Every structure is written in structure tokens, then in C-alpha cells.
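The values are calculated or read from the model by the stated rules, or taken from the named source; none is laboratory data. Because the structure is a prediction, the values reported are computed rather than measured. In this analysis, Cβ positions are derived from the backbone assuming ideal geometry, glycine residues included, and neighbour counts consider all displayed protein chains.
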Amino acid sequence: MKKPLCSVQAGFLLAPGAPFWVPALLVLVISPSMAGFLLCIAAFTNLGALLLGVPVYRFFRYKQINSLPAYLLAGAMIGAMYNQLVFSVFGNKEATLAFVMFSVPLLLMVLIGQAWPQRWSSRAENQAAHKWLAAAILVTLYGAYLAVVKAMIGSYTFGNCLAITMFGAVPATLSSLIFWLLSVFGTPKEPATLEPDTPAANAAQQCVTP
């Protein structure tokens with residue numbers, strides 16, 4: 001049976017800052033000041049993983065979500081939101097606008113996309129099909145929404161907001177990939193349990209009772 005390469009604690013220690021501390025080690029001899037700057041960013045990203053990444057990981061484990069796309073999407077959203085909020089604290093109005101414009105609608109759409117298939121159908125095979133349908137519709141709506149926002153605020157402001165967002169999202173996506181490879185890939189799913197006093201549980205009890 002496959003097992004993760006390292007523990008979750010080690011994954012959270014290594015993965016968040018990896019996109020920065022690896023280049024820092026490579027340029028340490030050439031430019032110590034640049035290496036120090038990159039290491040500071042790495043420590044900063046580890047703080048974001050502790051504040052936002054750990055709760056999301058615990059939720060994924062509760063839901064037994066081990067898929068790579070889910071981790072990449074969550075990592076990108078966490079990185080973007082963390083970057084936007086930090087820049088907003090330091091008075092960057094475009095970062096605040098980016099948070100309101102990009103992250104809040106996207107978070108709402110992800111929540112809707114998760115709830116829609118379960119409300120649409122109770123059968124697992126139908127839920128899988130409706131997940132793809134929900135994703136396609138929501139991505140189309142989000143793209144149309146961004147096009148309208150760009151036309152309203154102008155290309156220059158939109159580009160700055162997008163740059164702030166991507167500066168957080170891209171490294172965080174890479175960090176999520178590293179974390180998934182180190183601490184999630186190979187994790188066995190826990191066996192499903194039946195709630196007591198339900199028809200399924202009673203039927204199972206009758207099957208094992210002589």
C-alpha cells in the first residue's frame with residue numbers, strides 16, 4: 001500500500017516556502033541580499049499556510065478529499081486571498097479591490113459548485129456528471145463577470161489587481177503541488193461508517209448477526 005513520502009507537519013514546513021527558498025539557495029553565493037529577501041518571503045508564506053492552509057487541509061481530510069485538482073484550486077485561492085489581504089493591510093487600494101473583485105465571487109462560486117450536485121441528485125453517478133456541468137457554467141459566468149469588470153474599471157487598474165492576485169496564486173499553486181506529492185499522495189481513505197438506527201445500518205447488522 002502506498003504511503004505519503006513524509007508527514008503532514010513536514011509537508012507544511014517544507015512546501016509553502018519551497019517556491020522561494022529553493023531559488024534563495026541557488027542565488028545565495030551570487031546575491032546574498034536577494035537570497036535573504038526570498039527567504040523572508042518564504043517565511044511569510046509559511047505563516048499564510050499556518051493561518052489558512054491548515055484549516056482547509058483539516059476540512060479536506062474530514063471530507064476525505066485527496067484529489068490533486070482540489071488541492072491546486074484551494075492553494076491558488078489561499079495564496080491569492082492571503083496576498084490581497086496583506087497588501088490591503090498596508091494600504092494598497094488595488095489589493096482591496098482585487099479581493100472584492102476576484103476572490104469573494106470565486107469563493108461563492110466554489111461553494112455553489114459544491115452544493116449544486118448534491119441538491120440536484122442523490123445518486124453518486126449523477127452527482128459526478130452535475131459537478132462537471134456546474135463547473136462549466138460557473139467558469140463561463142465568472143469569465144463574463146471579469147470581462148464586465150475590466151470594461152468598468154479600465155485595463156490598467158484591472159491589470160494591477162490581476163498582478164497582485166497572481167503573485168499570490170501562482171507560488172501557492174506550486175506549493176500545493178509539492179505538499180500534495182509529499183503528504184497527500186498515497187493517503188488511504190478511511191472506511192465509510194454507517195450511522196446507527198438507519199435502515200442501512202440495521203440491514204448490515206442483520207447480515208452479520210447469526
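Identify all residues within the stretch 20-49 that are under 18 Å from the mean Cα position of the chain (by Cα) and either closer than 23 Å to residue 186 by Cα or assigned to a loop (DSSP other than H, G, I, E, B) (or both); write none if there are none. The answer is 49, and nothing else. Being within 21 Å of residue 63 (Cα to Cα) and either surrounded by 15 or more Cβ atoms within 10 Å (Cβ to Cβ) or modelled with pLDDT under 90 (or both): is that true of residue 162 here? So residue 162 does not fit the description; no. Restricting attention to the stretch 171-195, the residues that are loosely packed, with under 15 Cβ neighbours inside 10 Å and either of a type in the set (Val, Ile, Thr) or modelled with pLDDT of 50 or more (or both) total 6.
Matching residues to (1) modelled with pLDDT of 90 or more; (2) in contact with a strand residue (DSSP E or B) (Cβ under 6 Å, 6 or more places away or on another chain); (3) surrounded by 16 or more Cβ atoms within 10 Å (Cβ to Cβ):
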| residue | (1), (2), (3) |
| --- | --- |
| 38 | no, no, yes |
| 43 | no, no, no |
| 53 | yes, no, yes |
| 64 | no, no, no |
| 68 | yes, no, no |
| 79 | yes, no, yes |
| 84 | yes, no, yes |
| 100 | no, no, no |
